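Take a look at the structure below.
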Amino acid sequence: MTPDFESVDEFSVDSVYAELLARAPEDRMEPRMAPLHRAMEILGEPNKAFPVIHLTGTNGKTSTARMIESLLLAHDLRTGRYTSPHLSRITERISVDGEPVSDETFVRVWDEIRPYIGIVDAELDAAGEARLTYFECVTILAFAVFADQPVDVAVIEVGLGGITDATNVADGQVAVVTPISLDHTDLLGETVREIALEKAGIIKPGGFLISAAQPPEAAQVLLEKARSVGVEFRFEGIEFSVDDRSVGVGGQVLSVTGIAGRYPELLLPLHGEHQGQNAAVAVAAVEAFLGAGSRELDIDVVRAGLRAATSPGRLEVVRTAPTIIVDAAHNPAGIEASAKAINESFALDRLVLVVGVLEGKDTAGIFVELFDILGGIARDLCLTQSTSPRAVPVGELLQDALAAGFAEEHIHLTERLDDALEWAVMKVEEDQEQHGAILVTGSITVAGEARILLGK
């Protein structure tokens, strides 16, 4: 009898998720690769079963990955996409043909690889090392799912860094580097150059580097790595670019010069200059993948691919009357890009902010960007937190908000996100004559939990 994967606990996504969570927490990344290579070896090397487009960077990875996926789907290719973290449900991380992997496949493949995970765990125990972490196991599962399906190409986003990230068990046919800035400085390095050195680890012999525009010190690191391993490289602003961009209904219209052709009048249903730049990177990556950068893509296919692109939790309007926008920006550079896009795309008279941040982030920098860019319309601020154990307590956020310039009499504190949303709705509805909205931001967990509370 076939088990009911929705109702039998031992065969449910939730039970697998609980099993994974019992391992090292997601924010603990082991700087190692040997256990991943060992797991791939005993599983029959699923990491070599399909070509890979591998992405790293500080901001924009998930949106760019989703655009690359959408362009590949428009070319009638069967795709796998691995991104992290998830907003609502763990199956979002492992997508096949643009949709989260089915519950049945997720559970079945995990059940199939569990004994092999146990072998690696036992070997690590014997060597006195930590067993496979949560992220390492989900990464192994993703490669196994993509080999099982099978996919024509996998779009793989790093979890953290590059050199010793679990996903680096793959050798990308195309290495994509989105904008690099300071984040995870406790793990990756305290300067942009140090972080770029870590992220350059995904550039492999036989590949092709596509990079967003970078700070000079990061660009130099990537250039040197590409030359040292003998791969071709193309940089935004030099070999490809966004030539023209205008705000359109529900997004923007772009003209992009790629590395093999020019693509005018592309409708992208996402907001902000940064998403336009992500789209240019995605087009160049697909040109590199499909034609080694020498074959122009069909303009109608490119238009169809970008028109179908989505990026949940990235300046996503999840409710109207009043308008509630959810954005997963979680570092100053990401907040800056999103805040500029709010000003450009939404023409608001008033904005109520709901902000929650995770430990280890530049909280002060986040509030400075919010105040400097949105302070003219964002008077009211609610400090809150997600249910994540890494959520910064609201009381600790207050001093950084005040230091950035927010007035204490306009700041509300609540530990509960549902209460925060209720307060924000009340505030924005106080003056019906103003065009107002609510922005929920500061962390991926706050964005994800807000989406769930608001029915997404």
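The values are calculated or read from the model by the stated rules, or taken from the named source; none is laboratory data. In this text, all values refer to a predicted model and were calculated from it rather than measured experimentally. Cβ placement follows ideal geometry from the backbone for every residue including glycine, while neighbour counts extend to all protein chains displayed.
The table below lists the values:
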| read-out | value |
| --- | --- |
| Residue check for residue 47: modelled with pLDDT under 95 and either aromatic (Phe, Trp, Tyr) or crowded, with 18+ Cβ neighbours inside 10 Å (or both) | no |
| Residue in the stretch 193-202 that is modelled with pLDDT under 95, more than 20 Å from residue 277 (Cα to Cα) and in contact with an Asp or Glu (Cβ under 7 Å, 6 or more places away or on another chain) present | yes |
| Enumeration of residues in the stretch 381-421 that are part of a loop (DSSP other than H, G, I, E, B), among the aliphatic types (A, V, I, L, M) and touching a helix residue (DSSP H, G or I) at 6+ places or on another chain (Cβ under 7 Å) | 392 |
| Test: residue in the stretch 332-347 that is in a loop (DSSP other than H, G, I, E, B), at pLDDT below 95 and not assigned by TED's automatic domain parsing to the domain that holds residue 180 | yes |
| Subset of the stretch 216-254 that is exposed (fewer than 14 other Cβ atoms within 10 Å of the Cβ) and hydroxyl-bearing (Ser, Thr, Tyr) - its residue that is nearest to residue 308 (Cα to Cα) | 246 |
| Members of the stretch 134-171 found to be within 18 Å of the chain's Cα centre (by Cα) and among the small types (Gly, Ala, Ser), listed by number | 142, 154, 159, 161, 162, 166 |
| Residue ID - surrounded by the fewest Cβ atoms within 10 Å (Cβ to Cβ), chosen from residues in the stretch 355-369 that are without any contact (Cβ under 8 Å) to a residue 60 or more places away in the chain and closer than 26 Å to residue 431 by Cβ | 369 |
| Complete set of residues in the stretch 141-171 that are within 18 Å of residue 39 (Cβ to Cβ) and either part of a strand (DSSP E or B) or not assigned by TED's automatic domain parsing to the domain that holds residue 57 (or both) | 154, 156 |
| Boolean, residue 367 is in a helix (DSSP H, G or I) and assigned by TED's automatic domain parsing to the domain that holds residue 330 | yes |
| Neighbours by Cβ (under 6 Å, 6+ apart or cross-chain): first from the stretch 51-72, under 7 Å from residue 178 (Cβ atoms); second charged (D, E, K, R) and in a helix (DSSP H, G or I) | 55/61 |
| Residue list for the stretch 327-381, restricted to those being more than 18 Å from the chain's Cα centre (by Cα) and on the phi > 0 side of the Ramachandran plot | 347 |
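Residue-by-condition table, conditions (1) under 27 Å from residue 204 (Cα atoms); (2) free of Cβ contacts under 8 Å to residues at least 40 places away in the same chain:
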{"position": "235", "(1), (2)": "yes, yes"}
{"position": "244", "(1), (2)": "no, yes"}
{"position": "263", "(1), (2)": "no, no"}
{"position": "278", "(1), (2)": "yes, no"}
{"position": "281", "(1), (2)": "yes, no"}
{"position": "303", "(1), (2)": "no, no"}
{"position": "306", "(1), (2)": "no, no"}
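Residues are listed down the side, and each one gets a yes or a no for (1) under 22 Å from residue 444 (Cα atoms); (2) in a strand (DSSP E or B); (3) aromatic (Phe, Trp, Tyr):
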site: 285; (1), (2), (3): no, no, no
site: 290; (1), (2), (3): no, no, no
site: 293; (1), (2), (3): no, no, no
site: 301; (1), (2), (3): no, no, no
site: 317; (1), (2), (3): yes, yes, no
site: 328; (1), (2), (3): yes, no, no
